[in-house]
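This report concerns only the one structure given below.
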Amino acid sequence: MAEHKRMKTAFINLPAHRKLIRRYTCSYYASNFLFPPLELMYLAGIVQKWKNDDAIIIDAIAEHLDFKTVVERLKVFKPDLLVFMTGIETLSSDMLHAATIKYALGRAKVICFGYLPTQFPGEMLKYFPFIDFIIINEPELVFSELYNKIKNNESIISLPGLVMRVDTSLYIGPPNERIKDLDSLPFPARNLIHNSLYNELFSPQPFTTIQSSRGCSAMCTYCIRTFGREVVSRSIESLLNEIKEIVSKYHVKTIRFIDDNFCFNRNRLVTLCQSIISEKFSFRWSCLARVDALNEEMVFLMRKAGCFRIYLGIETFSQRLLAAYKKNYNPQRVKALLKQMKKNNIESIGFFLIGGVQTRREFEDDAQTAIASGLDYIVVEKISSYPGTPLFEQMKKEVHFTLHPYENRLKDRKKDFELCLWEKEFYQKFYFRWAYCFKMLARLLAYPQDLLVNFMDLVIFMLKRPGLRK
């Protein structure tokens, strides 16, 4: 019997100067919570389950590893493949770290994927010659095929979803189709990470994330969708099996469903909630939802199934701006939903956008309405126009964009400075209220470290000069 030829693969969540969450759709700094690198974990699961080969995940952010320590670990492991996903705003620093790691190891081939590599594969290979392969869009099946061809020393030409160099030329494979059967993928390789290092704000650990669907059918002009508008869902059976594994094997107490719109299919949500209730699971969970995807009956059932928090893409209370963003609902629906959530003891976190075509009056109205709405928390961001979105095309003349070095900002620096002040003003009006501070005292008793870190991060941000924060 022929001996199994083993190949070693290292999946790296690259170092960053601050605690950073990298996701395919976006990347953001988060001082007081951290998600596991789910995209890398899915690929590592393929190596372990489908290939029966060796894999490691080095999460430099969760483990607080500097570049030197990462390289030392890799030299001990001696990988044949290095795999990493880029962030968006952190692209330049990500590439610097990845290049340095590649040159320190020498022989390992480098596979890169992410939103910007998908949008600009040719430019990425031009600017960053240390990259051997770029996987565009959904990576799992393309990675599996590429892995086999590398391992068996077969020709890689014609592989869909792959970009690479062939001699001095650039090869761009035909588009890869969406994965229709997400149930067929192995569960993420949680055995390769330290699950105790991840957390959700103000919630018990251990914590992990689950992706129950991919894609978003909404038309929001500013949003990066996870692999497209078509929503592909996992079966309820698959989700329950994963939940059973993480609860029994990893003793997880909090789960975040990281779908673009977890509540898009009401019948599916009802079935999942009823299944969780009947299984008598004891974990808590949170999710992201569109305002118009929920009603009172669903909110009640979600709470009964263990939902303790819903993240809402509110963006604004202005009907004019909602129409401009192609978010087709009435602001009154937001207010009604928040009342239903409060009635059912589900926390609310509202995301708000500032800038673009927003007027000063609309900004002030949003801040005041957010305070009066009963929201538990807010997240405020300057609206960003990312390549591949309708907003990017609309704002092309107003935005300075370069891939390398990565820059994506308003050409009008005065306007950019003003929006930084607006951002601070929104946070100050919402969080620095006596009534709100008194409300947070209960959090101090339950999660003192989370609250103190959150407070200090907010204070530092408020004191920082506008324009210095990315």
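Computed from Cα positions, the angle between helix 91-105 and the longest principal axis of the chain comes to roughly 30 degrees. DSSP bridge analysis restricted to the chain gives an antiparallel fraction near 30%, rounded to the nearest 5. Residues whose amide H comes within less than 5 Å of that of residue 199, counting only those at least five positions distant or on another chain, are 34 (H built at 1.01 Å from N in the peptide plane).
For the chain, the 222 nm mean residue ellipticity estimated from helices alone, with every DSSP H stretch of n ≥ 4 adding -39500 (n - 2.57) and the total spread over all residues, rounds to -12000 deg cm²/dmol. Using the Karplus relation 6.51 cos²θ - 1.76 cosθ + 1.60 with θ = phi - 60°, the per-residue 3J(HN,Hα) values for segment 431-436 come to 8, 8, 10, 4, 5, 6 Hz, with x marking Gly and Pro. Quick one: grab the alpha carbon gyration tensor of segment 132-182, order the square roots of its eigenvalues as a ≥ b ≥ c, and give me rounded if a/c is under 1.5, else prolate or oblate depending on whether a/b is larger than b/c. It is oblate, given that a/c is not under 1.5 and a/b is not larger than b/c.
Here's the picture: charge each Lys and Arg Cβ at +1 and each Asp and Glu Cβ at -1 in segment 199-463, and of 446, 346, 252 the one pushed furthest to the positive end of that dipole is 346.
Pairs of Cα atoms nearer than 8 Å and 6+ residues apart set the relative contact order; for segment 199-463 it is 16 percent. Principal-axis analysis of the Cα atoms of the chain puts helix 448-463 at an angle of about 80° to the longest axis. Cross-link partners for residue 342 among the aspartates and glutamates, with Cα-Cα distance under 18 Å and sequence neighbours closer than 8 places in the same chain left out: 292, 296, 297, 376. Under the convention that each Lys and Arg Cβ holds +1 and each Asp and Glu Cβ holds -1, the size of the dipole of the chain around its Cα centre is about 760 debye.
When +1 charges are put on Lys and Arg Cβ atoms and -1 charges on Asp and Glu Cβ atoms, the dipole computed for segment 199-463 relative to its Cα centre reaches about 360 debye. The value of relative contact order for the chain, using C-alpha pairs under 8 Å at least six residues apart, is 11 percent. Given a cut-off of 44 Å, what percent of all Cα-Cα pairs of the chain lie beyond it? Result for the distance tail: 12 percent.
Among the chymotrypsin sites (Phe, Trp or Tyr not before Pro) found in segment 411-440, those both in a DSSP coil and sparsely packed, with 12 or fewer other Cβ atoms within 10 Å of their Cβ, are 432. Cα gyration tensor of segment 84-191, axes a ≥ b ≥ c as square roots of the eigenvalues: rounded (a/c below 1.5), prolate (a/b > b/c) or oblate? Since a/c stays below 1.5, the shape of segment 84-191 is classed as rounded. For the chain, the longest principal axis of the Cα atoms and the long axis of helix 236-249 meet at an angle of about 80 degrees. Over segment 299-388, Cα pairs under 8 Å with separation of 6+ residues give a relative contact order of 35 percent. Karplus-based coupling profile of segment 254-270, in residue order and whole Hz: 9, 10, 10, 7, 9, 4, 4, 8, 4, 9, 5, 10, 5, 4, 5, 5, 4, with θ = phi - 60° in 6.51 cos²θ - 1.76 cosθ + 1.60 and x standing for Gly or Pro.
Positive-end ranking of 281, 308, 262 along the dipole of segment 244-321, with charges on Cβ about the Cα centre, is headed by 281. 3J(HN,Hα) along segment 191-202: 6, 9, 10, 8, 4, 6, 8, 10, 7, 9, 4, 6 Hz, from the Karplus curve 6.51 cos²θ - 1.76 cosθ + 1.60 with θ = phi - 60°, whole Hz, x for Gly and Pro.
Legend: ranking of residues 168, 209 from fewest to most surrounding C-beta atoms inside 10 Å; resulting order 168, 209. Amide hydrogen proximity for residue 378: with H placed 1.01 Å from N in the peptide plane, the residues at 5 or more positions away or on another chain lying under 5 Å are 350. In this calculation the C-beta distance from residue 100 to residue 77 is compared with R0 = 22 Å, giving a FRET efficiency of 0.85. Charged neighbours of residue 178, selected by a Cβ distance under 12 Å, balance to -1 (K, R count +1; D, E count -1). Among the trypsin sites (Lys or Arg not before Pro) in segment 369-468, those located in a DSSP loop and surrounded by at most 13 other Cβ atoms within 10 Å of their own Cβ are 411, 433, 464. Around the amide H of residue 171, modelled in the peptide plane, lie the amide H atoms of 164, 165, 166, all under 5 Å away and 5 or more residues distant in sequence or on another chain. When a/c is below 1.5 the answer is rounded, else prolate if a/b is larger than b/c, else oblate, so apply that to segment 23-164 with a ≥ b ≥ c taken from the square roots of the Cα gyration tensor eigenvalues. In terms of gyration-tensor shape, rounded.
Put in line by how crowded their Cβ is, counting other Cβ atoms within 10 Å and starting with the fewest, 27, 144 read 144, 27. Placing +1 on each Lys and Arg Cβ and -1 on each Asp and Glu Cβ, with no other charges, gives segment 8-172 a dipole about its Cα centre of roughly 320 debye.
Write out the chymotrypsin sites (Phe, Trp or Tyr not before Pro) in segment 241-328 meeting two conditions: DSSP loop, and at most 10 other Cβ atoms within 10 Å of their Cβ. Counting only loop positions with at most 10 other Cβ atoms within 10 Å, none of the chymotrypsin sites (Phe, Trp or Tyr not before Pro) in segment 241-328 qualifies.
The numbers here are math on the coordinates, done by the rules we state, and not lab data. Remember, predicted model here, so these are calculated numbers, not experimental data. Quick reminder, even Gly has a Cβ in these numbers, built from the backbone with ideal geometry, and neighbours come from all protein chains shown.
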